[in-house]
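Here the structure is laid out as C-alpha cells; the discussion comes afterwards.
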Amino acid sequence: MLALAVFVSGRGSNLRAILESSKLKELVQVKVVVGDKLFCPAFDVAKNFSIPVYSVGNKEGFISFDDLRTIFEKLDINLIVLAGFLKMIPADFIKSFSNRIINIHPALLPSFGGSGMYGMNVHRAVFESSAQVSGASVHFVDESYDTGKIIAQKCVDISDVKSPEEIAERVLPVEHQLLANVIENIALGRVFVDNFRVRVEK
Ligand code: GAR
C-alpha cells in the first residue's frame, strides 16, 4: 500500500476523485490531507473519509513545514499529491521528498504554467490565446512552479468553446482520470525517472 499525503487549497474534487477511485482502493491509502488555510471545502471531503487534516503555514493555528516533515516520517508517507494546492512549498521540503511529489495542472505544460497560473486564471489564458486544444498535466514537483518533469498528459478539444468556464468543465473530468492513472502507475512501480524523461512502463 502506498501511503499518500494530499495537499489542497480549494473545493477538493481531485482529492475526492482519488478517494473514490475503485482502482486505487487496494493500492493506496490517503493518510493525511494538508491545506494552506484553516478551512477550505476540501477539508470536509477529508473529514467525510475520516482522514486527519493539517493546515501548514506560519500563522497561529498552522503547523510548519518542518513539523509536517516529522509527521510524514512517522506516517511513512511515500507520495505527496498536490491536488489544487496553491502555496509555494519550501525548497528544502521538496528536496527531502525528491521525485515523490506530484502536481496536477489544468493545462498542457510547459505552456500556461508558472506563478499565478492556477484554476480559472489558467483557463482564461488558454481561452484568450485561442488555443484549440487544452488538457491536463501531471508532473513531478521541483523548486519552481510547474517546471518539474512531466509524467502524463491528456488533451481535450476546445475548438468550439465559448468561455473559459466551458474549458474548465471539459478539463476537470480529464484531470480526475489522469491523476488517478498516474497514482496507480506509481503504486504499481511503473514510473521511472531517466536522465531527461519520465518513462511509464505499460
Ligand atoms: C484543479 O483544477 C487543479 O488542476 C488546479 O486547481 C484546481 C483544484 O480543484 N491546480 C492548479 O491550477 C495548480 N496550478 P479541486 O480542489 O476541485 O481539485
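The table below gives the values:
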{"item": "Residue among Lys87, Lys59 that is away from the ligand (no atom under 12 Å from the Cβ), surrounded by fewer than 21 Cβ atoms within 10 Å (Cβ to Cβ) and among the basic types (Lys, Arg)", "result": "Lys59"}
{"item": "Check on Glu175, of a type in the set (Asp, Glu), open to solvent by 20 Å² or more (accessible area, probe 1.4 Å) and not in a loop (DSSP other than H, G, I, E, B)", "result": "no"}
{"item": "Criterion: modelled with pLDDT under 95, within 16 Å of the ligand (Cβ to nearest atom) and either open to solvent by 20 Å² or more (accessible area, probe 1.4 Å) or acidic (Asp, Glu) (or both) - qualifying residue of Ser115, Ser98", "result": "Ser115"}
{"item": "Matching entry among Ile80, Ile71 (being within 15 Å of the ligand (Cβ to nearest atom) and aliphatic (A, V, I, L, M))", "result": "Ile80"}
{"item": "Unique match (being of a type in the set (Asp, Glu), open to solvent by 20 Å² or more (accessible area, probe 1.4 Å) and touching a helix residue (DSSP H, G or I) at 6+ places or on another chain (Cβ under 9 Å)) among Asp66, Asp44, Asp36, Asp76", "result": "Asp66"}
{"item": "Unique match (being open to solvent by 70 Å² or more (accessible area, probe 1.4 Å), modelled with pLDDT of 95 or more, within 16 Å of the ligand (Cβ to nearest atom) and not basic (Lys, Arg)) among Pro110, Pro106", "result": "Pro110"}
{"item": "Residues of the range 127-147 classified as of a type outside the set (Phe, Trp, Tyr) and either open to solvent by 50 Å² or more (accessible area, probe 1.4 Å) or away from the ligand (no atom under 12 Å from the Cβ) (or both), total", "result": "10"}
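The values are calculated or read from the model by the stated rules, or taken from the named source; none is laboratory data. Everything numeric in this text was worked out from a predicted model, so none of it was measured. Counting neighbours? That spans all protein chains shown, and the Cβs are built from the backbone with ideal geometry, glycine included. Accessible surface areas use protein heavy atoms only, side chains included; no ligands, DNA or RNA. Shrake-Rupley method; radii C 1.70, N 1.55, O 1.52, S 1.80 Å.
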